[in-house]
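Engineer: This structure is in structure tokens; I'll ask about it shortly.
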Amino acid sequence: MTLTLNSPLDMHLHLRDDDMLQNVAPLSAQSFAGAIIMPNLVPPITTKEALLSYKDRITKAINSNSSQKTTPFSPYMTLFFKPNYTKEFLQDIRDDLTAIKLYPAGITTNSEGGVSGFDIDELSPTLSAMSELEIPLCIHGETNGFVMDREAEFVPIYEKLASAFPDLKIIMEHITTKESLKALDRFDNLYATITLHHLYITLDDVVGGMLKPHLFCKPIAKRPKDRAVLLDAALNAHPKVMFGSDSAPHPRHSKEAPGCAAGVFTAPVILPALAQLFDKYNRLDNLQAFVSDNACNIYNITPPSKKIILEKKQFKVPQEYNGVVPMFAGESLGWSIS
Ligand SMILES: [Zn+2]
């Protein structure tokens, strides 16, 4: 049994830089035709020069194995949100930019320079220009509250922004709760991404038995009932929901440490694991929409043409990829990329 996917897209991806970029970028390019590249480097991507130079490093990393022919893969670039980008600046960078990513200050890896307080007037210069230029806004929506409640507490902020800027497309990144999913129905201009790991795990898998540092991420995995509504949206290919892995590689020593870095590395296992899940629930027909078509419609993009053939055949997941431990390390998945 096989399944062919046309131009799969990962609408939330961390590729890092330097050696890590060289290590992980080819793994995403093997499975996907394109990805939204997150800008939280040190320092974050806030200028045209930094954005173009990062895009160039990504393209080089993907094609570094010169024995292979060039892989079609579009890095869809993003800027790190700042409240005072001018319209002129954004206009000048528009053709090279797919979205802008907003982080609340200090909420996740390298987000120290993010937004604190969500005063509409303060954010307005950038958000108005984005709205006019039709640049989508991606948000990591968590407050600084109690860890299990951070996302639900952020929903009113999503709603405030969605009402204040009705023409701005706002993407609620890596949603994990029923509260976020419900907000999609209340506002035309709200959309969402869902990760692979939040479709598979709950908090029990992270801390319910022995601590599993490689499943520790932000937002933290939630309750079974939250996972159930996420699964329902993904399996039914909710038209306002896209796949975005939030694959976030850290070296093993940063994960297996007293202060464990947040992030699950899923890039090499995504498509087999999604096929396994959609197959289990008899929804393989909807995988194309979840992993590509919805994103093309929402972002209005046409990715390079790329066919990925998945086969219902065992895939033994490696223990690590050059020192980075993937989700399902050492386990077997029921589907593989052929
Ligand atoms: Zn992320």
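Engineer: Taking every eigenvalue of the Cα gyration tensor of region 97-228, multiplying by 5 and rooting it, what semi-axes result, largest first, whole Å? Working shown, then result.
Structural biologist: On the way: eigenvalues 150, 49, 31 Å².
Working from the Cα gyration tensor, I get semi-axes of 27, 16, 13 Å.
Engineer: Restricting to bridges with both residues inside the chain, how much of the DSSP beta-bridge set is antiparallel, in percent to the nearest 5?
Structural biologist: Working: 10 of 34 bridges.
Looking only at bridges with both residues in the chain, the antiparallel portion is about 30 percent.
Engineer: Percent of alpha carbon pairs in region 98-174 separated by more than 16 Å? Show your work: numbers first, answer last.
Structural biologist: Values: 1401 of 2926 pairs.
Considering region 98-174, 48 percent of its Cα-Cα pairs are separated by more than 16 Å.
Engineer: With all pairs of different alpha carbon atoms counted, what Kirkwood hydrodynamic radius in Å does region 1-78 show? Don't skip to the answer; put the middle values down first.
Structural biologist: Details: mean 1/r = 0.0769 Å⁻¹.
Its Kirkwood hydrodynamic radius stands at 13.0 Å.
Engineer: If you put +1 on each Lys and Arg Cβ and -1 on each Asp and Glu Cβ, how big is the dipole of region 178-225 around its Cα centre, in Debye rounded to 20?
Structural biologist: On the way: 8 positive and 5 negative charges, 25 e Å.
Once rounded to the nearest 20, the dipole reads 120 debye.
Engineer: Something else now. With the chain treated as a Gaussian network of Cα nodes joined by springs under 10 Å, which of Ala35, Ala289, Ala233 yields the largest mean-square fluctuation?
Structural biologist: Ala233
Engineer: If you build the Cα gyration tensor of region 40-153 and take the root of 5 times each eigenvalue, what three semi-axes come out, in whole angstrom, biggest first? Numbers along the way, then the final one.
Structural biologist: Values: eigenvalues 161, 75, 26 Å².
Ellipsoid semi-axes (Å, largest first): 28, 19, 11.
Engineer: Which of the chymotrypsin sites (Phe, Trp or Tyr not before Pro) across region 135-233 are loop residues per DSSP, with 15 or fewer other Cβ within 10 Å?
Structural biologist: Details: sites: Phe146, Phe154, Tyr158, Phe187, Tyr191, Tyr200, Phe216; in loops: Phe146, Phe187, Phe216.
Taking region 135-233 and a limit of 15 other Cβ atoms within 10 Å, the loop chymotrypsin sites (Phe, Trp or Tyr not before Pro) found are Phe146.
Engineer: Two decimals, Cα atoms only, Kirkwood Rh: what is Rg/Rh over region 186-338?
Structural biologist: Numbers: Rg = 15.8 Å, Rh = 16.4 Å.
With Rh from the inverse mean 1/r over Cα pairs, Rg/Rh is 0.97.
Engineer: Which residues in region 236-261 have a backbone N closer than 17 Å to a point placed 7 Å from the Cα of Ala329 along the Cα-to-Cβ line?
Structural biologist: The answer is 247-261.
Engineer: Read phi for every residue in region 288-297 and hand back ³J(HN,Hα) as whole Hz from Karplus 6.51 cos²θ - 1.76 cosθ + 1.60, θ = phi - 60°, with x for Gly and Pro.
Structural biologist: 4, 5, 5, 9, 7, 4, 4, 5, 4, 5
Engineer: Which one of Thr47, Phe243, Ser336 has its Cα pushed farthest toward the positive end of the charge dipole of the chain, where Lys and Arg give +1 and Asp and Glu give -1 at the Cβ?
Structural biologist: Towards the positive end, the residue furthest out is Ser336.
Engineer: Let me ask another. In what sequence, highest mean first, do 42-49, 205-212, 292-299 appear when ranked by Cβ atoms within 10 angstrom?
Structural biologist: Working: 42-49: 15.4, 205-212: 11.9, 292-299: 20.8.
Final packing ranking: 292-299, 42-49, 205-212.
Engineer: Work out from phi, with θ = phi - 60° and the Karplus expression 6.51 cos²θ - 1.76 cosθ + 1.60, the ³J(HN,Hα) of each residue of region 135-146, listed in order in whole Hz, and give x for Gly and Pro.
Structural biologist: Karplus values, whole Hz, x for Gly and Pro: 9, x, 10, 9, 10, 7, x, 9, 8, 9, x, 4.
Engineer: Determine the dipole magnitude for region 33-171: charges of +1 sit on the beta-carbon of Lys and Arg, -1 on that of Asp and Glu, nothing else is charged, the reference point is the Cα centre, and the result goes in debye to the nearest 20. Spell out each step's value before the answer.
Structural biologist: Working: 12 positive and 18 negative charges, 144 e Å.
Rounded to the nearest 20 debye, it is 680 debye.
Engineer: Would you work out which of Leu97, Pro156, Ile135 lies farthest towards the positive end of the dipole of region 70-170? Charges go on Cβ: Lys and Arg +1, Asp and Glu -1.
Structural biologist: It is Leu97.
Engineer: Over all Cα pairs of the chain, how is the pair count split among 10 Å bins, expressed in % and running from 0 up to the last occupied bin?
Structural biologist: Computed distribution, short to long bins: 6, 27, 38, 24, 5, 0.
Engineer: Check Tyr85: other-chain or 5+ apart residues with amide H under 5 Å from its amide H, H built from backbone geometry?
Structural biologist: Answer set, sorted by chain and number: Thr126.
Engineer: I've got another one for you. In whole percent, and with a 1.4 Å probe on the protein chains, what portion of the accessible area of region 42-197 is carbon and sulfur?
Structural biologist: Values: 3270 of 6650 Å².
On region 42-197, the fraction of accessible area on carbon and sulfur atoms equals 49 percent.
Engineer: For region 244-286, how big is the tail of P(r) above 13 Å, as a whole percent of Cα pairs? Let's see the in-between values first.
Structural biologist: Details: 556 of 903 pairs.
Taking all Cα-Cα pairs of region 244-286, the fraction more than 13 Å apart is 62 percent.
The values are calculated or read from the model by the stated rules, or taken from the named source; none is laboratory data. All of these numbers come straight from a predicted model, not from anything done at the bench. Here the Cβ is made from the backbone with ideal geometry for all residues, glycine too, and neighbour counts use every protein chain on show. When the accessible area is computed, the model is the full protein with side chains, heavy atoms only, and any ligands, DNA or RNA have been set aside. Shrake-Rupley method; radii C 1.70, N 1.55, O 1.52, S 1.80 Å.
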